[in-house]
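Here is the structure we will look at.
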Amino acid sequence: MVRRASLGILLIVASVACSDGTSSETESNQQNIVAVRDWSTTLQWEDCAGGLECTTFEVPYDYESPSIGTFILPVTRHLANNLSERIGTLLINPGGPGVAALDFVAYADQIFSKSIIDRFDIIAWDPRGVGQSDPHIDCVDNMDDYFALDPSPDNESETKLLTSGAEVFATACTTRSGDFLPYVSTINAASDMDVLRRALNEEQISYLGFSYGTDLGATWATLFPETVRAAVLDAAVDPTKGYVDDLLLQAGGFESSLDAFLTKCNATQCSFMKVNESAEDAFDRILLSLDQNPIANDGGRAATNQGVAQTGIAGALYGDYQWPQLESALSAADLGDGQPLLILFDEYFGRDSSGLTDDSLDAYFGISCIDRDEQITPDQVLNLKSRLQDIAPRLWSGWIQEMLICANWDIAPSGGFEVSADTENRIVVVGSTGDAATPLEGTRNMVTALGRARLVISPLEQHTTYGTDTCVTEIVDEYLLNLTDGPDITTCDSGA
């Protein structure tokens, strides 16, 4: 299972198309905006750890029916270091969907350039259902029960285990969080951003979103363009594809990154390769062995099988800085030690040393499943096997495993939102040539869909590049600070 996307490690606005439903969709959006503007909240700031300020704000489940219930959303603020030259507020979102955002303010000095820290109040909030949001999405306590199953069943019995496991997971989400799951869509979260903006007394606001945060930012800029001072979308998702096609694109992105890793291994003779064996053959041999003979782990943990391995491998493909860890994990598995791959598996799911798992993946499914543009059945998912094998011959099964959960979702999808952005200043969209989670093809489509946007391309082999590619960072900083425009497409020559 793969496929969360977030700042540093690691999705779905629906298709952009002209149709007979466009006018009714626009009318519905306008009605929602009116309802959003009728809702107001206040912020009572308090000092919190690390010299930061913290507060919460309240938003309704449904802006058009506010009596149903409310979310209390936490907010953290890093005040501009140089208040005399303060520009305004910079909202940030690290991605997911489902990644808690507050810590990214705590680490602002490490993430953002000094000039940004000096002149912006940097603010993060946990979106509805995410992190410390009250309530927040909670599905299961143990990810092993489903994601350690064999994702590529070889017989009817294994297929039944996989499909029933997805049903149990989806049912658990409804049981624990069903009262508010219909109200955690990206459109809802983008509406909350306008409530926060008004509570901050800002006529316009700036935004920097990573990965899924680009989806959220594009939705916000479409709904409230007049409030956008500046917006940067780093590792942008593809807003032109529906649920299935978007995940197929992503499967191809991860497969391409795996190919790049194996090509590097062929050149350097990675440690998991035998004499006269190609990296591809070695990889296939190890994964086949894990499928046929999973490696037992201590402490009552699931065995390291093909499913555990593929999740761990995918997590290590978010950037080539993780390739040494992936090489070591494959080498250990070849020698009968599945623990390093299990560690990568746990890192993906946010499992700490005490065995506790955060709820980021629960939130990922809660938001992704409601954001779909179509309802699909488990049989339709299983029938995607051939297409996925063509696109991602080594990693295909993880996407089957993921999509089976949404195929069992009881709550109707609410996707179908058309992205565009008539903002005062052009939005800056950033993509990299080696991005597994949000391939550059999709990022280009985001630029086209927005209508008025710039594209900055990094050559790095990783997901999100602000702060690591000097060229990208300088362009983004100059834009945020001075609203500097530039060419429609800028290709950075080096990530140095």
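Which of the residues spanning region 353-403 are more than 30 Å from S177 (Cα to Cα), aliphatic (A, V, I, L, M) and more than 19 Å from the chain's Cα centre (by Cα)?
Once the filter is applied, which keeps residues that are more than 30 Å from S177 (Cα to Cα), aliphatic (A, V, I, L, M) and more than 19 Å from the chain's Cα centre (by Cα), region 353-403 yields L388, I391, A392.
L317: crowded, with 18+ Cβ neighbours inside 10 Å and either closer than 24 Å to Y146 by Cβ or assigned by TED's automatic domain parsing to the domain that holds F254 (or both), yes or no? Spell out how you get there, then give the answer.
Details: crowded, with 18+ Cβ neighbours inside 10 Å: yes; either closer than 24 Å to Y146 by Cβ or assigned by TED's automatic domain parsing to the domain that holds F254 (or both): yes.
Taking the combined requirement at face value, the residue satisfies it.
When residues of region 469-496 are filtered for being modelled with pLDDT of 95 or more, closer than 30 Å to N82 by Cα, out of contact with any helix residue (DSSP H, G or I) (no Cβ under 6 Å at 6 or more places or on another chain) and part of a loop (DSSP other than H, G, I, E, B), how many remain?
Summing the residues that are modelled with pLDDT of 95 or more, closer than 30 Å to N82 by Cα, out of contact with any helix residue (DSSP H, G or I) (no Cβ under 6 Å at 6 or more places or on another chain) and part of a loop (DSSP other than H, G, I, E, B) in region 469-496 gives 4.
Which of (1) part of a helix (DSSP H, G or I); (2) touching a helix residue (DSSP H, G or I) at 6+ places or on another chain (Cβ under 6 Å); (3) farther than 17 Å from L149 by Cα is the odd one out, the single condition D284 does not satisfy?
Of (1) part of a helix (DSSP H, G or I); (2) touching a helix residue (DSSP H, G or I) at 6+ places or on another chain (Cβ under 6 Å); (3) farther than 17 Å from L149 by Cα, only one is false for D284: (2).
Just for helices (runs of 4 or more DSSP H) wholly inside region 313-388: which have at least 3 residues that are of a type in the set (D, E)?
none
Mind listing whichever residues of region 427-465 are out of contact with any Leu (no Cβ under 8 Å at 6 or more places or on another chain), crowded, with 24+ Cβ neighbours inside 10 Å and in a helix (DSSP H, G or I)?
The answer is L450, and nothing else.
Is it the case that some residue within region 39-49 is in the same structural domain as W220 (by TED's automatic domain parsing), of a type outside the set (A, V, I, L, M, F, W, C), under 28 Å from the mean Cα position of the chain (by Cα) and not in a loop (DSSP other than H, G, I, E, B)?
no
Can you find, within region 392-411, the residue that is farthest from D150 (Cα to Cα) among those that are at pLDDT 95 or above and surrounded by fewer than 20 Cβ atoms within 10 Å (Cβ to Cβ)?
P393
The values are calculated or read from the model by the stated rules, or taken from the named source; none is laboratory data. Every value quoted in this text rests on a predicted model; they were computed, and no experiment measured them. Don't worry about glycine lacking a Cβ; one is built from the backbone with ideal geometry, like all the others, and counts go over all protein chains shown.
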